[in-house]
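Before any comments, here is the structure.
The numbers here are math on the coordinates, done by the rules we state, and not lab data. All figures in this text were calculated on a predicted structure; none of them were measured in a lab. Cβ placement follows ideal geometry from the backbone for every residue including glycine, while neighbour counts extend to all protein chains displayed.
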Amino acid sequence: MSINGKPKFAMYWAASCGGCEIAVLNTHEKILDIDTNFEVVFWPIAMDAKYNDVKAMEDKSILLTLFNGGIRNTENEEVANLLRRKSQILVAFGSCASEGCIPGLANLSSLSDIFNASYQSASTVNPDNVAPKTSVSVPEGEIHIPAMFPALRPLDQVVSVDYYMPGCPPESHQISRVIDLVIKVISKEADLPPIGSVIGAGESTVCDECPRHRDVKTIKQFVRVQDIDKINADLCLLEQGIPCNGPASRSGCGALCPKSGAQCIGCYGPAEGVLDFGARMITALASVIESNEPSEIERILEGIPDPVGQFYRFNLANSLLRTGTAAWRNNASLKE
């Protein structure tokens, strides 16, 4: 506890876009409950706090830490280990921390390819071919910047995680429910779920939340939404040939995308019991293809122009694959 008797709260932003931070702010007046019930001791986007301040705290003195973002560099890893030591409850908050999310797609490329694309591509003005270094000497001394790892890892591949809260980002109403739960736990009005649980989301699939019905069962082609003149507002998108990830995606979002006529892209991660998101989706899509001819099946599958983006957009780093060959070859630890 802090000197004012409140439990301590922390939130950190690692390799991610920052949308999870915005989602917390989007809880509107609910965010005041955090200030009322917690002492916010570390939240770099919202307050001026230094790593040394956290290092000086006693171990396990922070009750709750929401950690968003994957582990892409040495700084991310160092802070993950630091906050694990200092926190009683560490939550992998959002898809990046839970699964790797969009930054995890860089696992398909080597570090040299990533840096070349960033610093030597046709769209980059860099006549001297300047590239980042992990250290450089200046008159004031030696400056160090974090070193990139060969691949991004979700939080639980680096430290132990108590709870997972998926979403890209988590829906604000789900965040509010979790805040309410933690406050009730503090006041001994409720108990925390078992360690390792997914919080702020459902246990079924997006299909179970979707009001669209299934009729056709089989299809002859996959198409993009923009290629359809008029989408049937009542029929399952997958049965209209639109590759919707609802069959493999965890519920909790309220099927917002399918309700709006856009396919589910899987931002809440694998549904309960799904070992590999891509494998489940491949099975789901195969089940609706109406053909036994290899050539026709191949033609139908060509309607999915980006299979990796379709099947592993949010969870490549936490899938059975984890990386592409380019990253895997260059780091023995990725092969474990």
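Just a few scattered comments:
- In the chain, taking the dipole from charged Cβ atoms about the Cα centre, the farthest positive-side position among P103, V274, V288 is held by V274.
- Listed by chain and number, the lysines whose C-alpha is less than 17 Å from the C-alpha of K220, apart from same-chain residues fewer than 8 away, amount to an empty set.
- Unit charges at the beta carbon, dipole of the chain: most positive-side option, A147, L316, H213: A147
- Percentage relative contact order, the stretch 1-77, counting C-alpha pairs under 8 Å, at least six apart: 52 percent
- Net dipole in debye of the stretch 206-305 [+1 Lys, Arg Cβ; -1 Asp, Glu Cβ; about Cα centre; nearest 20]: 240 debye
- The chain: most fluctuating residue of I228, I179, I242 per GNM, C-alpha cutoff 10 Å: I228
- Candidate aspartates and glutamates - alpha carbon under 16 Å from K55, same-chain residues fewer than 8 apart omitted: E75, E77, E78
- Listed as lacking a disulfide-compatible partner in the chain: C17, C20, C207, C210, C236, C244, C253, C257, C264, by the criterion of no other cysteine Cβ under 4.7 Å.
- In this rough spin-label picture, where each label sits 7 Å from Cα along the Cβ direction, the D113-A286 distance is 2.6 nm.
- Extension gain, L320-L256: 0.36 nm per intervening residue step, less the Cα-Cα distance, totals 20.2 nm.
- Packing, as the average of other Cβ atoms within 10 Å across residues, places the peptides 102-112, 288-298, 193-203, 245-255 in the order 245-255, 102-112, 193-203, 288-298, highest first.
- Per-residue ³J(HN,Hα) for the stretch 12-29, Karplus 6.51 cos²θ - 1.76 cosθ + 1.60, θ = phi - 60°, Hz, x for Gly and Pro: 9, 10, 9, 7, 7, 8, x, x, 5, 5, 5, 4, 5, 5, 6, 6, 6, 5
- The chain: relative contact order in percent, alpha carbon pairs under 8 Å with at least 6 residues between: 18 percent
- Rg followed by Dmax, in Å, when the stretch 124-207 is reduced to its Cα trace: 21.5, 63
- Most mobile listed residue (T134, T325, T218) in the chain, GNM with C-alpha springs under 10 Å: T134
- Full-stretch length increase - D59, H213 - with 0.36 nm per residue and alpha-carbon distance subtracted: 50.2 nm
- Cleavage-rule hits (trypsin sites (Lys or Arg not before Pro)) in the stretch 53-150: DSSP loop, at most 16 neighbouring Cβ within 10 angstrom: K60, K133
- Cβ-to-Cβ counts within 10 Å put F38, F115 in ascending order as F115, F38, the fewest first.
- For the stretch 1-101, the set of GluC sites (Glu not before Pro) satisfying both a DSSP loop assignment and a count of at most 10 other C-beta atoms within 10 Å is given as E58.
- Local electrostatic count, I219, Cβ distance below 11 Å [Lys/Arg +1, Asp/Glu -1]: 0
- For the stretch 14-71 and the stretch 247-274, distance of Cα centres in Å: 27 Å
- With each label modelled as a point 7 angstrom along the Cα→C-beta vector, the I228-R177 pair spans 2.8 nm.
- Taking Lys and Arg as +1 and Asp and Glu as -1, the other residues whose beta-carbon sits under 10 Å from that of I289 total -1.
- Overall, the chain carries a charge dipole of about 300 debye about its Cα centre when +1 sits on the Cβ of Lys and Arg and -1 on the Cβ of Asp and Glu, all other atoms neutral.
- Charged-residue dipole, Cβ positions (Lys, Arg, Asp, Glu), the stretch 66-218 about Cα centre, Debye nearest 20: 180 debye
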